Amino acid sequence: MDDSEGLKVVEVVGTVVELEATERDGSRTPITRIPSGRAQRGMDGEDAGDVIGMHTDRVVVVSDDGFIVTVEVRD
């Protein structure tokens with residue numbers, strides 16, 4: 001795969017142990033969930049698509065890089 005094809009996708013089976021949003025200033029913020037792509041584009045009447053910070057309930061402004069999902073997998 002070359003860089004022009006985008007990010008490498010790897011499928012794993014495990015437990016999500018942490019979700020983080022990468023903010024526009026480069027920082028990472030723990031979050032409660034990742035909204036669906038449909039919600040993030042404003043196309044879901046049931047979900048505003050807001051990304052909410054863990055323990056702060058503030059709306060997080062997510063960078064173009066988006067999210068980091070940490071998954072615990074068995075060896």
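Observations
- The string of couplings for the stretch 29-44 from the Karplus curve (6.51, -1.76, 1.60, θ = phi - 60°) is 10, x, 10, 8, 6, 10, x, 5, x, 4, 5, 5, 8, x, 10, 10 Hz, one whole number per residue in order, with x for Gly and Pro.
- Summed residue charge, Cβ within 12 Å of Phe67's Cβ, Lys/Arg positive, Asp/Glu negative: -3
- Computed over the chain with a Gaussian network model linking Cα atoms closer than 10 Å, the most mobile of Arg41, Arg58, Arg28 is Arg41.
- Amide H contacts of Met54 (H built 1.01 Å from N, in plane; Pro and chain starts excluded): Ile31, Thr32 sit under 5 Å, all sequence-distant by 5 or more or on other chains.
- Of all segments of the chain bounded by GluC sites (Glu not before Pro) found in a DSSP loop with no more than 13 other C-beta atoms within 10 Å, the longest spans 12-45.
- Residues in the stretch 18-28 carry Karplus couplings, in order, of 7, 10, 9, 9, 8, 7, 4, 8, x, 6, 10 Hz; the curve used is 6.51 cos²θ - 1.76 cosθ + 1.60 with θ = phi - 60°, and Gly or Pro positions show x.
- Least to most buried among Leu19, Leu7 (fewest other Cβ within 10 Å first): Leu7, Leu19
- With the convex hull drawn around the C-alpha atoms of the chain, the volume per residue stands at 139 Å³.
- Fully extending the segment from Thr56 to Ser27, taken as 0.36 nm per residue of separation minus the present Cα-Cα distance, adds 8.9 nm.
- Each of Gly49, Val9, Val71 was placed along the dipole of the chain (beta-carbon charges, centred on the mean Cα), and the one lying farthest toward the positive end is Gly49.
- Once the C-beta distance of Val13 and Asp65 is scaled by a Förster radius of 25 Å, the resulting FRET efficiency is 0.50 to the nearest 0.05.
Where a number appears in this text, it was derived from the coordinates with a stated rule and is not lab data. Keep in mind it's a predicted model, so treat the numbers as computed, not measured. Neighbour counts run over all protein chains shown; Cβ positions are idealised from the backbone, glycine included.
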